[in-house]
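Okay, structure first, notes after.
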């Protein structure tokens, strides 16, 4: 599906079943952009299999919808952008969380925040972070502003810090962080264990803001700056809020001792590679004492990172072991047991590996075995049969062809029995073997029917046996 003129098969689902139709990528984009009958469960026939439209790797309709959404965002058309983004997210793979899915959630969360729908905005912005992307720093920034407006300054500080870590030159983040600390200082909000006092935090961010040069300030608000430009940033203003921004901070640390106990145990689990338990106890520490959230989240993040590192290493070891097993199976392959490497290929495919090269090596190994068998055959008819099987394998391009070739290989010994029975005049045995051929394949394949017909005249033209 690389050409705009290439015709694709489309399967539309409904309560009564499904309908198969065709379209080009260009017309498909136009149907998705309009209010058509296409739904997220629509399937495209790609690489010889039906694939849900939201899981397609090459999806020009997502790019076009995203460009429309970005243009609407720059134009300030909030209602239109929400409609476009909702449609875009319908046709995104939520399990894969690719770049367009995260960026669409970022833009939607920003628009919802500007409309005052803060809880919904927070949910969308959380979907926009977690993986490196062009908008990750901006997503952390906007999520920090949303958390501040939701009276959760601890989470706001954490995401401001994450935004600065990913982009130290993001002036909007430093400005908003300084305003948050200044607002909490003005409210005389209680300090949080594990964080700097609010006045010190305000002074640090003020000093960082002054460190930016004049050119950096101008670049931050340049009108034609590429995405993400200043249009997508929320700003936390220093002001008087009611209820106060720090109203959700704990006035007393009732769960401090319990939280510290859980946090210390979480650190011990992390040191002993018990990552799941480390995550569990870090979350308990955060629940017991919200002021420990920063340190608890740090332990939890480290545990998740190390757990993912171990998972990937284990997967790599399994992949290497399977590759070695496959290589040894090919070396010991015989025509009598050709199905053994197939199970290894299926395990590699289940792990998400590309098995194209494995299938090629598997087919070439069988072809070489058939050629060696042909060299050892003196009978012309048997050699012709094996040459036909070899031809089937050499011309097989798709999995269906390979399956037919494998069936032909299994039928080959039965043909020898059939010919021997006919030569001996044992028509009952010949019929029995023919039945076994039909049971193996369902029906006798067309390319093997010629062999059967070539043997049958021998039966019909053979002289009658004497009494």
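Say R0 is 22 Å: what FRET efficiency, to the nearest 0.05, do residue 258 and residue 150 get from their beta-carbon distance?
On the way: r = 25 Å, r/R0 = 1.15.
Efficiency, from the Cβ-Cβ distance: 0.30.
Can you bin the stretch 250-315 into rounded, prolate or oblate? Criterion: square roots of the alpha carbon gyration tensor eigenvalues sorted a ≥ b ≥ c, rounded for a/c under 1.5, prolate for a/b above b/c, oblate for the rest. Each step should come with its number before you reach the end.
Numbers: a/c = 3.83, a/b = 2.53, b/c = 1.51.
Because a/c hits 1.5 or more and a/b exceeds b/c, the stretch 250-315 counts as prolate.
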Margin query: Please compute the modelled spin-label separation between residue 316 and residue 357, points set 7 Å along Cα→Cβ, answer in nm with one decimal.
Written below: 1.6 nm
Notebook entry, point to check: If each of residue 368 and residue 161 carries a label point 7 Å out from its Cα toward its Cβ, how far apart are those two points in nm?
Noted result: 5.9 nm
Check: What's the extension gain from residue 86 to residue 336 if we count 0.36 nm per residue and subtract their Cα-Cα distance?
Finding: 84.3 nm
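When the chain is fully extended, how far beyond the present Cα-Cα distance does residue 9 get from residue 22, taking 0.36 nm per residue of separation?
Working: separation 13, 0.36 × 13 = 4.68 nm, distance 0.45 nm.
Extending this stretch completely gives an extra 4.2 nm.
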Checklist line | Ranking of 320, 232 by count of other Cβ atoms within 10 Å, fewest first | finding: 320, 232
Checklist line | Residues 297, 152, 86 arranged by fewest to most Cβ contacts within 10 Å | finding: 86, 297, 152
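Throughout, read-outs are computed from the coordinates displayed, never taken from laboratory work. Here the structure is a predicted model, which is why all the values come from computation and not from measurement. Note that we place each Cβ from the backbone using ideal geometry, even for glycine, and neighbour counts take in every protein chain shown.
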